[in-house]
């Protein structure tokens, strides 16, 4: 315990902990948020990891830092959080971290605005028809459905052929406008609703959907776990959350070409997110992706009946 308090005696380390309690951050993002030299940030990361206050994960060539097991310890958490709130720069640091996260979102939005109308022709890895068809085979006749991060609407328009209503959610108005044009051309416009917002900030105030899709969306968001948990809140009892995304891979080029924040996900972590969202995990499986050596993760979770 003495070693832990020694580690926490340094204000810079406390600021680092407070920052990563908001979101997983890279060294570069910590440097930008806290306005500390990179050498200072790097020097403080090691002792924080040694006492399990901090942990990290490698995603391709990037390393992201997040709160370790001790940070969440029931006997220690309240004491630590009170200390973090007392930091002189707590509010300013919080705003700075939000700005870094907003920069991520703006970069993502700029990408999708730019490729609106070209998205399908770019053939995103994991976006092939085999993957979509496998999920759609379960059938959603007369269902109330939401497509979170709908993009150009390939999935939403397919669903609108037989679903009662499809709600399309995307941060890019250009993408939503394109979906609307395609829906009108197909004669399905009366079955679609549109919400322009970032799926990371989307919340549901009622249980309204029989099914919610997250198709190739999670690898674009900062905190995918939170998106899964919030999405489950919009499901009716007995409703399904269906996830299609990439399995973990090491193709760094997807960050630049596709504005990906995550290089896919492990089956176990997606299963864990669904369980945290109080969903029964029906299946977590892998499918052949559009591109060679990239596999697609498919997960289906069921919301408990009340």
Quiz prompt | residue 279 in the same structural domain as residue 162 (by TED's automatic domain parsing), over 19 Å from residue 173 (Cα atoms) and crowded, with 23+ Cβ neighbours inside 10 Å | solution = yes
Quiz item: Within the stretch 242-256, can one find any residue that is buried (at least 23 other Cβ atoms within 10 Å of the Cβ) and part of a loop (DSSP other than H, G, I, E, B)?
Solution: no
Quiz prompt | Residue ID - modelled with the highest pLDDT, chosen from residues in the stretch 262-292 that are in contact with a helix residue (DSSP H, G or I) (Cβ under 6 Å, 6 or more places away or on another chain) and part of a loop (DSSP other than H, G, I, E, B) | solution = 277
Quiz prompt | Odd one out for residue 31 among (1) in contact (Cβ under 8 Å) with a residue 24 or more places away in the chain; (2) in a helix (DSSP H, G or I); (3) within 27 Å of the chain's Cα centre (by Cα) | solution = (1)
Practice problem: Give 94, 56 a once-over and let me know the one that is at pLDDT 85 or above and closer than 25 Å to residue 252 by Cα. | Solution: 56
Quiz item: Hey, does the stretch 233-241 have a residue that's over 26 Å from residue 65 (Cα atoms) and assigned to a helix (DSSP H, G or I)?
Solution: yes
Self-check item: Selection count, the stretch 124-157, where residues are surrounded by 17 or more Cβ atoms within 10 Å (Cβ to Cβ), in a loop (DSSP other than H, G, I, E, B) and at pLDDT 85 or above
Solution: 7
Quiz prompt | the stretch 51-66, residues that are more than 20 Å from residue 14 (Cα to Cα) and surrounded by 15 or more Cβ atoms within 10 Å (Cβ to Cβ) | solution = 59, 60, 62
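The values are calculated or read from the model by the stated rules, or taken from the named source; none is laboratory data. The structure presented is a predicted model; accordingly, all values stated were derived computationally and were not measured. When we count neighbours, we look across all protein chains shown, and the Cβ atoms used for this are built from the backbone with ideal geometry, even at glycine.
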